[in-house]
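Just below is one structure, and these are the notes that go with it.
The values are calculated or read from the model by the stated rules, or taken from the named source; none is laboratory data. If you're wondering where the values come from, they're calculated on a predicted model, not measured in any experiment. Glycine gets a Cβ as well: all are built from the backbone with ideal geometry, and neighbour counts include every protein chain shown. SASA here: full protein model, heavy atoms, side chains in, ligands and nucleic acids out. Shrake-Rupley method; radii C 1.70, N 1.55, O 1.52, S 1.80 Å.
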Amino acid sequence: MYDIVFISYKEPQADENYSRLKERFPLAKRVHGVKGIHSAHIAAAKKSFTKMFWIVDGDAVIQNDFDFSYQVPDHQLDHVHVWRSLNPINDLVYGYGGVKLFPKKLTLKMDTSKPDMTTSISDKFRAMPEISNITKFNTDPFSTWRSAFRECVKLSSQVINRQKSAETLERLEIWSTVGQEREFGSYAIAGAIAGKEYGSNNKDNPEALYKINDFDWLEDRFNEQCK
């Protein structure tokens, strides 16, 4: 098996999610409180002793049938692998928040200037069909807004390589309109709408886009718009 590393920052249910992961996979490791998404993933790579390593986000609730047993073919050891995740507010299923499998050496020397961390590791990507987890980001108003804002900035600015325009537009529409009745759903929709606008307005401004990885900046923006 490859090393499993759980990355958390300030997710309200991170301790619970990590405990649940450890119950099934006792050798799972944790990186907690490292500021900056790129830095946190580099720290995770340093904790790993295997050539590939799994990443589980702090808000991920792993599916009971997902077992981290996948073995990467030799010709794909330089690929980023991303599994699918279920969104608990709008029921979208795609790579957002899914479990990832990264090459250690490439992660250690990733391009930290890119807004989207996953595509800063390798230009070789494999989308995996299996659902790995529920991304339980709707735990409080700010966490919900922040998650929706960040994802919709990425979608609308098209910073993620290999985006398909029609698929992106459909996802943006669903993020921006669906799930009002779900827990903290109104904050997800508000964050999605704000993120869609910010990403569209700053699609040619890498410095502005990079700010979505600064959680203090995100919290200030949330407080301005939602309080």
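Select the helices (runs of 4 or more DSSP H) contained entirely in region 1-110, then report the ones holding at least 1 residues which are surrounded by 15 or more Cβ atoms within 10 Å (Cβ to Cβ) and modelled with pLDDT under 95.
Where helices (runs of 4 or more DSSP H) fall fully within region 1-110 and carry at least 1 residues being surrounded by 15 or more Cβ atoms within 10 Å (Cβ to Cβ) and modelled with pLDDT under 95, they are 37-47.
Taking the options I134, I160, I189, name whichever one is among the β-branched types (V, I, T), open to solvent by less than 60 Å² (accessible area, probe 1.4 Å) and touching a Lys or Arg at 6+ places or on another chain (Cβ under 6 Å).
I160
Check Y187, Y210 and return the single one that is aromatic (F, W, Y), at pLDDT 95 or above and in a helix (DSSP H, G or I).
Y187
Among L92, L77, L101, which is of a type in the set (A, V, I, L, M) and closer than 21 Å to C152 by Cα?
Result: L92 is the single residue among L92, L77, L101 that is of a type in the set (A, V, I, L, M) and closer than 21 Å to C152 by Cα.
Quick one: in region 111-130, of everything that is aliphatic (A, V, I, L, M) and open to solvent by less than 60 Å² (accessible area, probe 1.4 Å), which residue is farthest from H41 (Cα to Cα)?
Applying the filter and picking the extreme gives M128.
Restricting attention to region 163-186, and to residues there that are under 16 Å from G95 (Cβ atoms) and free of Cβ contacts under 8 Å to residues at least 12 places away in the same chain, which single residue is most open to solvent (accessible area, probe 1.4 Å)?
Only one residue tops the list, namely K164.
Is there a residue in region 115-124 that is within 22 Å of A190 (Cα to Cα), under 12 Å from the mean Cα position of the chain (by Cα) and of a type in the set (A, V, I, L, M, F, W, C)?
Within region 115-124, none of the residues are within 22 Å of A190 (Cα to Cα), under 12 Å from the mean Cα position of the chain (by Cα) and of a type in the set (A, V, I, L, M, F, W, C).
Across region 158-184, what is the total count of residues that are at pLDDT 95 or above and of a type in the set (G, A, S)?
2
Considering each of R182, R221 in turn, give the residue that is in a helix (DSSP H, G or I) and among the basic types (K, R).
Criteria check complete, one pass: R221.
E151 passes all but one of (1) open to solvent by 60 Å² or more (accessible area, probe 1.4 Å); (2) within 30 Å of T50 (Cα to Cα); (3) charged (D, E, K, R); (4) touching a Phe, Trp or Tyr at 6+ places or on another chain (Cβ under 8 Å); which number fails?
(1)
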